[in-house]
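One structure is given here, and the rest of the page talks about it.
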Amino acid sequence: MTVFAPLVPPYEVVVADPPWRFSTWSQTNQDIGKGAVAHYSLMILEAIKELPVAELLGQHGFLFLWTTGWAMATGQAHEVARAWGFEPKTEAVWIKRTASGKVRVGTGYIARSMHEPILICTKGKSGRLGFPSMFDGLAREHSRKPDEFYARLAALTPGARRCDLFSGGVERTGFDGWGGKHAGRTARRNVVTQIEASP
Ligand SMILES: C[S@@+](CC[C@H](N)C(=O)[O-])C[C@H]1O[C@@H](n2cnc3c(N)ncnc32)[C@H](O)[C@@H]1O
């Protein structure tokens, strides 16, 4: 357990919010600050797939993989889940709300982004969960995921051990965080290689 230090497996619930690199988007747009790379380092698909997430699980468990419309449409989200040893089963969507309760309309070339999808996957016999396929949550800073999601998931999995990969240093009650501020030196060093290796 080096890459994921200081996490202590096994976990039954893994949430992951990878720094997806939208490879078909023009590099110019990413560089001028419209893309995620203006906020944090990105990882190419192969680098995300290579993460030894399977080491974090025991025999059974859930993966909640935060993804994007394009990663769902191209199958990249499914590829990552399978590479990590999970089977994609269903999805849920976060309806992004403003503080006044309206749906927040974001950017997008073909579809304007008003939600974020989560690919829900299982490993082994994970059992029933009853997570809502759609939920509201306050949209805040770029990429920041809503507290409502973590609270719902924790309430539905009492007693489970949970971790939050690519937490960006955000502390979530009931989840051990890793990634961003929590990332170890190995992960940080890999970022440079990953960006340089990008198409
Ligand atoms: C989509 S953001 C996560 C946002 C976070 N879940 C939240 O709710 O605020 C992806 C995160 O991955 C981190 N990251 C990028 N490359 C990484 C790497 N190689 N290892 C660990 N973390 C990395 C970024 O710093 C960023 O915080």
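The values are calculated or read from the model by the stated rules, or taken from the named source; none is laboratory data. If you're wondering where the values come from, they're calculated on a predicted model, not measured in any experiment. Virtual Cβ from ideal backbone geometry, glycine too; neighbours counted across all protein chains shown.
Inside the stretch 157-171, residues that are assigned to a loop (DSSP other than H, G, I, E, B) and either within 14 Å of the ligand (Cβ to nearest atom) or in contact with a Gly (Cβ under 6 Å, 6 or more places away or on another chain) (or both) make up a count of 6. Entry remark, the stretch 40-78: residues being farther than 18 Å from P117 by Cα, away from the ligand (no atom under 13 Å from the Cβ) and outside any helix (DSSP H, G or I) number 5 in total. For the stretch 85-130, taking the residues that are of a type in the set (K, R) and surrounded by 14 or more Cβ atoms within 10 Å (Cβ to Cβ), the one that is farthest from W70 (Cα to Cα) is identified as K123. Residues in the stretch 116-136 that are within 19 Å of P18 (Cβ to Cβ) and in contact with a Phe, Trp or Tyr (Cβ under 7 Å, 6 or more places away or on another chain) were compared, and the one that is nearest to the ligand (Cβ to nearest atom) is E116.
Cβ separations smaller than 9 Å between residues 6+ apart or across chains give the following pairs from the stretch 81-94 residues that are within 14 Å of H60 (Cβ to Cβ) and assigned to a strand (DSSP E or B) to residues that are β-branched (V, I, T) and at pLDDT 95 or above: E87/T122; K89/I120; K89/T122. Once the stretch 11-25 is narrowed to residues that are of a type in the set (S, T, Y) and at pLDDT 55 or above, the residue that is surrounded by the most Cβ atoms within 10 Å (Cβ to Cβ) is Y11.
Of all the numbered requirements in (1) modelled with pLDDT under 95; (2) within 13 Å of the ligand (Cβ to nearest atom); (3) assigned to a loop (DSSP other than H, G, I, E, B), V37 misses one, and that requirement is (3). Across the stretch 58-83, the number of residues qualifying as of a type in the set (D, E, K, R) and either loosely packed, with under 15 Cβ neighbours inside 10 Å or in contact with a Phe, Trp or Tyr (Cβ under 8 Å, 6 or more places away or on another chain) (or both) comes to 1.
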